[in-house]
């Protein structure tokens, strides 16, 4: 009998993960083809439709959807680098959106400032960063001081944020002039992000700048070194004199702040008011983005574009072929699962082992 | 006397085992007779543990075969897993006990046993354990939880466990490493008792005295190969040592007289808790002077780790005072200790001393990343990091393919050299050379080969000559005697006495380690 | 409050908590073996949708239950294969299962109906209350405990069986050992690899059963987002229960109770004016509070903490 066994590679191959990603996408597409065929569609036609929509006819929408994904992908990247399992990007995005909308809707009545985007955009950004950071800070404090499992707290905070946001747009902040439709009033024009073409707005540029900033922090600064050290070996980090509490709190402020910006860019660049559709899963997709990008900030940009394309393509399937839009989500999940499974080949090599001597058992 | 014509109990022929990048065993032949205590001697890394792991099914050999006496005849067997080994009557008593702390002695005893009934009848099992314990004189309470037991008791459980499974071939992996000299003697008697009951015992060790005292025959492994199998009665310590190392060995190391300076570190009645929240250090008072090595002797688990963590700021103290060069450091964070030039070579290299997956360069700057010239403001200076790491690697002869290699991939000796390089340099840099730094080393030579051990020991003496105050925690009395100026013995978190190394008596140290003597 | 109201609330609490009990015990079994499966939410929702579809087409609720358990077992197998054989990161693999499961359930909900249509809004077979003679007449306890659907009775059996299995059988001893110290268990001849597979699959089956109870008994039928985060609450309940099946019941009933009170308050919103959206927050807030309190308590007792090797991969020949 011959069997296979994994052997650890002494040197990791540098670009093998690109191969893994491509392979995973192909396998996920094959799996998706089965689903599409089951739903009565020709998979080739469906995929062609998706690709055409995502990267040709609706490429602008792809950029629009990639914007929040870059932010949430960065949010997760920062936290996961330190092995802090922040699953709460969704909730942090929502409170970031709430803060941005709140600032745009109510602040102009309270303070008199020039009605210029140059003034108001930074104010909203600050508000959403602070809100996202604060929302992430509570689980961080619970983790740092009491050791409470952050997966649970960050997740539950998603639900709490989402229900609160529902309460606001259906009740407290509901526009009386909205003819009964749930949703807040529109934000003033000087609080909107300028648009380039279609719905593509300045948010994508801010997202790319954020990615560069995160890259610099992570790989060029002392702070990034401390994050790295904690992520690899918290005991060694403490031994090196690193203050763990301070870092947990810092990383969550950074992570929450990034997710908060995603909420800001959705409010200020896309919807212009608080309404249904802010919490559509960008926070969770951010986890996929970050992991597929191997927690590399520049990789996040590329993967966000790819996954945004899948979302746009999924919507197209629903509109033109009456297929469930969830195909896009399923494909995302499948790609992640395949990447997780195939990742072993970048760390291990597969070796065919033959048993030492062919012997029969003693008796 | 053992019967030299007794039948073979188990034989290994031409065993070869490879790990990525390492040839751990190469064509090893090895045989044990019924009723014999057969020692397996070799340095760390000589392949002793690997060979025995093959025999007890933890590893699969790449080549070679195993023959076992079955119905008075040697026949080849396949051992794919530890449970195969148990079925064949082979049991291993591991150096790191294979016991589950949250379960009872009895539960541990039946773990993995196939003939235990599905519905557990603990009373019957407990009675059987008591019988067995009486027969082999291995006292233990079957209902006690493992975490409640002392190290010596845990070892008894380990031995009982193997006997409970009806093993005829017992492998003991460095069983005396965790025992006091007196306890080790008792173990010798238990082993002799088992051999006379017809068991075959394999006794892994690198301590020559024990082998001369307990074993009938000895097989010496070197670099994964069998160099010789000899009768102990026809051999000598010197011959065995030479076989083990491959060259004549000096049993002593030159130690110049000490040049004592001012007190660098002083602990006054310090107490602390362990990770479980139980008292681990009890009113420890100790002073270490510049140019002095103070050794800490004791059986593992008597507060050594906690002591090292307390004097480096990693573990909070409950009472007492710690001063470094007369500066009160009690309740200061680790960072402040580092700033005072406290360097620390921890016992657990990959657990604490290194971030295994990070490159060597990142590991080299662990104690200096937040200072000029490694960083400037909030930014790291990559060119400086490279130069700094390169210099350390060169000065301490750390063998690494390059600076980007993950630290995990270095050999144990090179990992240790890398840590030493970093710590010694950091200590010097932080005190700017005008004040003596303080170096804490925990089990600094554990798991290293002879060459690396010599390098490390020489380096410690060199630091001593330069006026560094050194706290040396070791489980090897010969190492403590060779390097220390004074030796303090820890038992149950208490210092049982501090003696001058030059006048120390092993018998006395042993009694203090066992808590029988307090001076 | 009168006795009838209390009985009614407790009765709803029990049925609302049943799916949580199944899933929590499933996850306890998996985590006891050392594998952290964060895919509970995805597995539950898959069990709910496929269980309902199978019951609908076969016109048998029991077939729905069996299919849901098979689906749960299959997803458990996927988790086991990825994390044990392919050594993928356990946390992220579980999240991926949840993301994939949620998407797939939503897809299937629109495809598994009659003639490839949607399942939403359909009525299928369901488990209804069965009154146990004599026992159900015991005052107060009777109508609460012994007037429930058959899956609730099955839940009683599962709780007792799981407890007995874990603490009084050879296999239970092995299960506790592989999560506490796989190295030790392996050296003692316990097949860690095989058992971790087994218990991840068994755990998945129980989680699938929990999903089926939602769509076949508690809130019969299928709607998008039917589980509504219950899978995540399960993760918290496991910690609350200190990996002990009995305590899982207590926690699940607590959550069921919150659900029941929520029901009541929404039904009679005339006197207490709390918006539904804020009421819906309660279980999640409670989860956070419980997670904090339990962690606080477990700090003082290491013995009731998590299995020591939870979430850590085990590979026999890997040298550190």
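For region A:253-268, indicate whether the set of residues that are within 14 Å of another protein chain (Cβ to nearest Cβ) and surrounded by fewer than 23 Cβ atoms within 10 Å (Cβ to Cβ) is non-empty.
Scanning region A:253-268, I find no residue that is within 14 Å of another protein chain (Cβ to nearest Cβ) and surrounded by fewer than 23 Cβ atoms within 10 Å (Cβ to Cβ), so the answer is no.
Hey, among the residues in region A:294-305 that are over 12 Å from the mean Cα position of the chain (by Cα) and in contact (Cβ under 8 Å) with a residue 40 or more places away in the chain, which one's surrounded by the fewest Cβ atoms within 10 Å (Cβ to Cβ)?
In this case the residue turns out to be A:298.
Could you list all residues from region C:107-163 that are part of a helix (DSSP H, G or I), crowded, with 17+ Cβ neighbours inside 10 Å and within 14 Å of chain A (Cβ to nearest Cβ)?
Listed by number, the residues that qualify are C:107, C:108, C:109.
Can you tell which of A:317, A:331, A:323, A:336 is assigned to a helix (DSSP H, G or I), farther than 19 Å from residue C:94 by Cα and either in contact with a helix residue (DSSP H, G or I) (Cβ under 7 Å, 6 or more places away or on another chain) or modelled with pLDDT under 85 (or both)?
Selected residue: A:317, the only one of A:317, A:331, A:323, A:336 that is assigned to a helix (DSSP H, G or I), farther than 19 Å from residue C:94 by Cα and either in contact with a helix residue (DSSP H, G or I) (Cβ under 7 Å, 6 or more places away or on another chain) or modelled with pLDDT under 85 (or both).
For region B:174-193, which positions are crowded, with 22+ Cβ neighbours inside 10 Å and touching a strand residue (DSSP E or B) at 6+ places or on another chain (Cβ under 8 Å)?
B:175
One residue is enough: does region B:436-459 have a residue meeting the conditions in a loop (DSSP other than H, G, I, E, B), farther than 26 Å from residue B:206 by Cβ and in contact (Cβ under 8 Å) with a residue 24 or more places away in the chain?
From region B:436-459, those in a loop (DSSP other than H, G, I, E, B) are B:436-437, B:443-449; that's our starting set.
When the remaining residues are screened for being farther than 26 Å from residue B:206 by Cβ, the result is B:436-437.
Checking which are in contact (Cβ under 8 Å) with a residue 24 or more places away in the chain leaves us with B:436-437.
Scanning region B:436-459, I find at least one residue that is in a loop (DSSP other than H, G, I, E, B), farther than 26 Å from residue B:206 by Cβ and in contact (Cβ under 8 Å) with a residue 24 or more places away in the chain, so the answer is yes.
Can you pull out every residue in region C:5-35 that is more than 30 Å from residue C:139 (Cβ to Cβ) and either in contact with a strand residue (DSSP E or B) (Cβ under 7 Å, 6 or more places away or on another chain) or surrounded by 24 or more Cβ atoms within 10 Å (Cβ to Cβ) (or both)? Talk me through it step by step, then tell me what you get.
So in region C:5-35, the residues more than 30 Å from residue C:139 (Cβ to Cβ) come out as C:23, C:26-35.
Those that are more than 30 Å from residue C:139 (Cβ to Cβ) and either in contact with a strand residue (DSSP E or B) (Cβ under 7 Å, 6 or more places away or on another chain) or surrounded by 24 or more Cβ atoms within 10 Å (Cβ to Cβ) (or both): C:23, C:26, C:27, C:28, C:29, C:30, C:32, C:33, C:34, C:35.
Quick one: which of B:186, B:174, B:153, B:197 is over 24 Å from residue B:517 (Cα atoms), at pLDDT below 90 and within 29 Å of the chain's Cα centre (by Cα)? Step through it out loud before you land on a result.
Working: B:186 fails: over 24 Å from residue B:517 (Cα atoms); B:153 fails: over 24 Å from residue B:517 (Cα atoms); B:197 fails: within 29 Å of the chain's Cα centre (by Cα).
So the residue among B:186, B:174, B:153, B:197 that is over 24 Å from residue B:517 (Cα atoms), at pLDDT below 90 and within 29 Å of the chain's Cα centre (by Cα) is B:174.
Checking residue A:47 against (1) surrounded by fewer than 20 Cβ atoms within 10 Å (Cβ to Cβ); (2) outside any helix (DSSP H, G or I), which single condition isn't satisfied?
Evaluating residue A:47 over (1) surrounded by fewer than 20 Cβ atoms within 10 Å (Cβ to Cβ); (2) outside any helix (DSSP H, G or I) leaves (2) as the failure.
Residue check: is residue C:207 in contact with a helix residue (DSSP H, G or I) (Cβ under 8 Å, 6 or more places away or on another chain), at pLDDT below 90 and away from chain A (no Cβ under 14 Å)?
No: the conditions fail for residue C:207.
Would you call residue B:401 part of a loop (DSSP other than H, G, I, E, B) and not assigned by TED's automatic domain parsing to the domain that holds residue B:361?
Numbers: part of a loop (DSSP other than H, G, I, E, B): yes; not assigned by TED's automatic domain parsing to the domain that holds residue B:361: no.
No.
Given the options C:172, C:179, name the one that is within 14 Å of chain B (Cβ to nearest Cβ), at pLDDT 90 or above and crowded, with 24+ Cβ neighbours inside 10 Å. Even if it seems obvious, please write down each step before you answer.
Details: C:172 fails: crowded, with 24+ Cβ neighbours inside 10 Å.
Answer to the selection: C:179.
Results for (1) within 14 Å of chain A (Cβ to nearest Cβ); (2) assigned to a loop (DSSP other than H, G, I, E, B); (3) out of contact with any helix residue (DSSP H, G or I) (no Cβ under 6 Å at 6 or more places or on another chain); (4) surrounded by fewer than 22 Cβ atoms within 10 Å (Cβ to Cβ), shown as yes or no for each residue.
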| residue | (1), (2), (3), (4) |
| --- | --- |
| B:275 | yes, yes, yes, yes |
| B:280 | no, no, no, no |
| B:287 | no, no, yes, yes |
| B:308 | yes, no, yes, no |
| B:313 | yes, yes, no, no |
| B:338 | yes, no, yes, no |
| B:343 | yes, no, no, no |
| B:356 | yes, yes, no, yes |
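For region C:184-202, state whether one or more residues are surrounded by fewer than 24 Cβ atoms within 10 Å (Cβ to Cβ), under 14 Å from the mean Cα position of the chain (by Cα), touching a residue at least 60 places away in the same chain (Cβ under 8 Å) and away from every other protein chain (no Cβ under 14 Å).
yes
With (1) assigned to a helix (DSSP H, G or I); (2) in contact with a helix residue (DSSP H, G or I) (Cβ under 9 Å, 6 or more places away or on another chain) as the list, and residue C:190 as the residue in question, which single condition is left unmet?
Condition not satisfied by residue C:190: (1).
Check whether at least one residue in region B:418-440 is within 16 Å of the chain's Cα centre (by Cα) and either surrounded by 24 or more Cβ atoms within 10 Å (Cβ to Cβ) or modelled with pLDDT of 90 or more (or both), and report yes or no. Steps first, answer last, please.
From region B:418-440, those within 16 Å of the chain's Cα centre (by Cα) are none; that's our starting set.
Checking region B:418-440: not a single residue is within 16 Å of the chain's Cα centre (by Cα) and either surrounded by 24 or more Cβ atoms within 10 Å (Cβ to Cβ) or modelled with pLDDT of 90 or more (or both).
Go over the candidates C:103, C:94 one by one and state the one that is within 8 Å of another protein chain (Cβ to nearest Cβ) and within 22 Å of the chain's Cα centre (by Cα). Talk me through it step by step, then tell me what you get.
Numbers: C:94 fails: within 8 Å of another protein chain (Cβ to nearest Cβ).
Answer to the check: C:103.
Just one of the numbered conditions (1) free of Cβ contacts under 8 Å to residues at least 12 places away in the same chain; (2) within 14 Å of chain C (Cβ to nearest Cβ) is not true of residue B:109; which one?
With (1) free of Cβ contacts under 8 Å to residues at least 12 places away in the same chain; (2) within 14 Å of chain C (Cβ to nearest Cβ) applied to residue B:109, the lone miss is (1).
Among the residues of region B:40-56 satisfying the criterion of being touching a strand residue (DSSP E or B) at 6+ places or on another chain (Cβ under 8 Å) and in a loop (DSSP other than H, G, I, E, B), which is nearest to the other protein chains (Cβ to nearest Cβ)?
That would be B:56.
Going by the conditions given, is residue C:260 in a helix (DSSP H, G or I) and either closer than 19 Å to residue C:32 by Cα or modelled with pLDDT of 90 or more (or both)? If you could, list the steps in order and put the result at the bottom.
Numbers: in a helix (DSSP H, G or I): yes; either closer than 19 Å to residue C:32 by Cα or modelled with pLDDT of 90 or more (or both): no.
It is false that residue C:260 is in a helix (DSSP H, G or I) and either closer than 19 Å to residue C:32 by Cα or modelled with pLDDT of 90 or more (or both).
Of the numbered conditions (1) in contact (Cβ under 8 Å) with a residue 60 or more places away in the chain; (2) surrounded by fewer than 22 Cβ atoms within 10 Å (Cβ to Cβ); (3) under 30 Å from residue B:47 (Cβ atoms), residue B:96 fails exactly one; give the number of that condition.
Only one criterion is unmet by residue B:96, namely (1).
Residue B:377 versus (1) surrounded by fewer than 16 Cβ atoms within 10 Å (Cβ to Cβ); (2) on the phi < 0 side of the Ramachandran plot; (3) within 12 Å of another protein chain (Cβ to nearest Cβ): which is the lone unmet condition?
(2)
Looking at B:100, B:129 in this structure, which one is under 27 Å from the mean Cα position of the chain (by Cα) and farther than 29 Å from residue B:225 by Cα?
On the way: B:129 fails: under 27 Å from the mean Cα position of the chain (by Cα).
That would be B:100, the only listed residue that is under 27 Å from the mean Cα position of the chain (by Cα) and farther than 29 Å from residue B:225 by Cα.
Here are the criteria: (1) assigned to a loop (DSSP other than H, G, I, E, B); (2) surrounded by 20 or more Cβ atoms within 10 Å (Cβ to Cβ); (3) in contact with a strand residue (DSSP E or B) (Cβ under 8 Å, 6 or more places away or on another chain). Tell me which single one residue B:101 does not satisfy.
The failed condition is (2).
Of (1) at pLDDT below 90; (2) surrounded by fewer than 19 Cβ atoms within 10 Å (Cβ to Cβ), residue A:152 satisfies all except one. Which?
Here residue A:152 clears every test but (2).
The values are calculated or read from the model by the stated rules, or taken from the named source; none is laboratory data. The shown structure was predicted, so the numbers you read here are calculated from the model rather than taken from an experiment. No Cβ is skipped: glycine too gets one built from the backbone with ideal geometry, and neighbour counts run over all protein chains shown.
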